[in-house]
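Q: This is the structure I have questions about; it appears just below.
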Amino acid sequence: MSTGPQVRPNAGGTHRPTALLVVLGVVVVGALVAAAIVLFVAGDGGKDRDSSLAGKPAKPSASVNVQFEPTSVVSQNGGPPAQLSLDQVNAIMDVAGQYLDLAVIQPLKTGRPAPDISGLFDPAAAAQLSGLGRGALFEEGLPAATGDITATAPVVEVTGLSDGTGAFVLATVGSTVDIVAETDDGEVTIHRVTDLTLVPDGAGWKISGFKVLVDRQGAGVTQPAATAQVGQ
């Protein structure tokens, strides 16, 4: 009476399933050994390598909240009536906003010098970026923020001046910005009053002059007050 499927040897007398099981067994054992080696390296074998990092929490990164929008837009005409268009206002504000971000917010966030912002200025004004007024133009040399950076601008006044043809040949952005930055050493508060003068440059605008007044208070402040002025 049959008791189930019978495995028959092939013509050469070789029992293939048995050989296959032997091969599979070798493969499985090899895989287990390799896995054990990986676990050792990632576990006990890596203790010495990672021990220097034990108990050192990752340094938190600062979160940034900036409110910088026009509170008024005024057009002054030297000829026929003309109004700054929305595109012109946006282009002017884009330059002013980049200056605020790159010269002020980023150094506060990183604790490092600001990136090169000379491309926002015309050649004459750009030449003054490394002068005596740098301490007012940039927020450098302060402890890096490890908590929130909050910047609010209660005043952002955009003014455009048109010529006798109705084309806008000059613009100004006058702003008051209050900044609070949380650092490991404590809170830093900064009050900045900035007047930027801009001139058309192709489809965009360049900063051709500036006047900056800064008051700083708090931990790590080495220059509480600073001023800078070019072309005003």
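The values are calculated or read from the model by the stated rules, or taken from the named source; none is laboratory data. In this text, all values refer to a predicted model and were calculated from it rather than measured experimentally. Note: ideal-geometry Cβ built from the backbone for every residue, glycine included; neighbour counts use all protein chains shown.
Q: Go through the range 71-103 and give me each residue that's part of a loop (DSSP other than H, G, I, E, B) and buried (at least 18 other Cβ atoms within 10 Å of the Cβ). Even if it seems obvious, please write down each step before you answer.
A: From the range 71-103, those part of a loop (DSSP other than H, G, I, E, B) are 71, 78-85; that's our starting set.
The answer is Ala82, Leu84.
Q: A follow-up question, please. Filter the range 196-224 down to residues that are among the charged types (D, E, K, R), closer than 14 Å to Leu137 by Cα and either in contact (Cβ under 8 Å) with a residue 60 or more places away in the chain or surrounded by 17 or more Cβ atoms within 10 Å (Cβ to Cβ) (or both), then give me how many there are.
A: So in the range 196-224, the residues among the charged types (D, E, K, R) come out as 201, 206, 211, 215-216.
Of the ones still in play, those that are also closer than 14 Å to Leu137 by Cα are 211, 215-216.
Adding the requirement that they be either in contact (Cβ under 8 Å) with a residue 60 or more places away in the chain or surrounded by 17 or more Cβ atoms within 10 Å (Cβ to Cβ) (or both) leaves 211, 216.
Total satisfying the criteria: 2.
Q: For Thr165, work out the one condition from (1) surrounded by fewer than 17 Cβ atoms within 10 Å (Cβ to Cβ); (2) at pLDDT 95 or above; (3) in contact with a strand residue (DSSP E or B) (Cβ under 9 Å, 6 or more places away or on another chain) it doesn't fulfil.
A: Among (1) surrounded by fewer than 17 Cβ atoms within 10 Å (Cβ to Cβ); (2) at pLDDT 95 or above; (3) in contact with a strand residue (DSSP E or B) (Cβ under 9 Å, 6 or more places away or on another chain), the lone unmet condition for Thr165 is (3).
Q: Just name the residue that is surrounded by the most Cβ atoms within 10 Å (Cβ to Cβ) out of those in the range 104-129 that are without any contact (Cβ under 8 Å) to a residue 12 or more places away in the chain and outside any helix (DSSP H, G or I). Please lay out each step first, then the result.
A: Within the range 104-129, the subset without any contact (Cβ under 8 Å) to a residue 12 or more places away in the chain is 106, 116, 118-119, 123, 126-127.
Checking which are outside any helix (DSSP H, G or I) leaves us with 116, 127.
On the way: Asp116: 10, Ala127: 12.
By that ranking, first place goes to Ala127.
Q: Among the residues of the range 216-229, count how many are under 18 Å from Leu108 (Cα atoms) and either part of a strand (DSSP E or B) or of a type in the set (Asp, Glu) (or both). Before you say what the answer is, go through the steps one by one.
A: To start, the set of residues in the range 216-229 that are under 18 Å from Leu108 (Cα atoms) comprises 216-226.
Now restrict to residues that are either part of a strand (DSSP E or B) or of a type in the set (Asp, Glu) (or both): 216-218, 225-226.
Total satisfying the criteria: 5.
Q: Picking from Leu132, Leu196, Leu213, Leu161, which residue would you name as being among the hydrophobic types (A, V, I, L, M, F, W, C), assigned to a strand (DSSP E or B) and over 18 Å from Leu102 (Cα atoms)?
A: Working: Leu132 fails: assigned to a strand (DSSP E or B); Leu196 fails: over 18 Å from Leu102 (Cα atoms); Leu213 fails: over 18 Å from Leu102 (Cα atoms).
Selected residue: Leu161, the only one of Leu132, Leu196, Leu213, Leu161 that is among the hydrophobic types (A, V, I, L, M, F, W, C), assigned to a strand (DSSP E or B) and over 18 Å from Leu102 (Cα atoms).
Q: Among the numbered criteria (1) surrounded by 18 or more Cβ atoms within 10 Å (Cβ to Cβ); (2) farther than 30 Å from Asp87 by Cβ; (3) of a type in the set (D, E, K, R), which single criterion is violated by Arg134?
A: (1)
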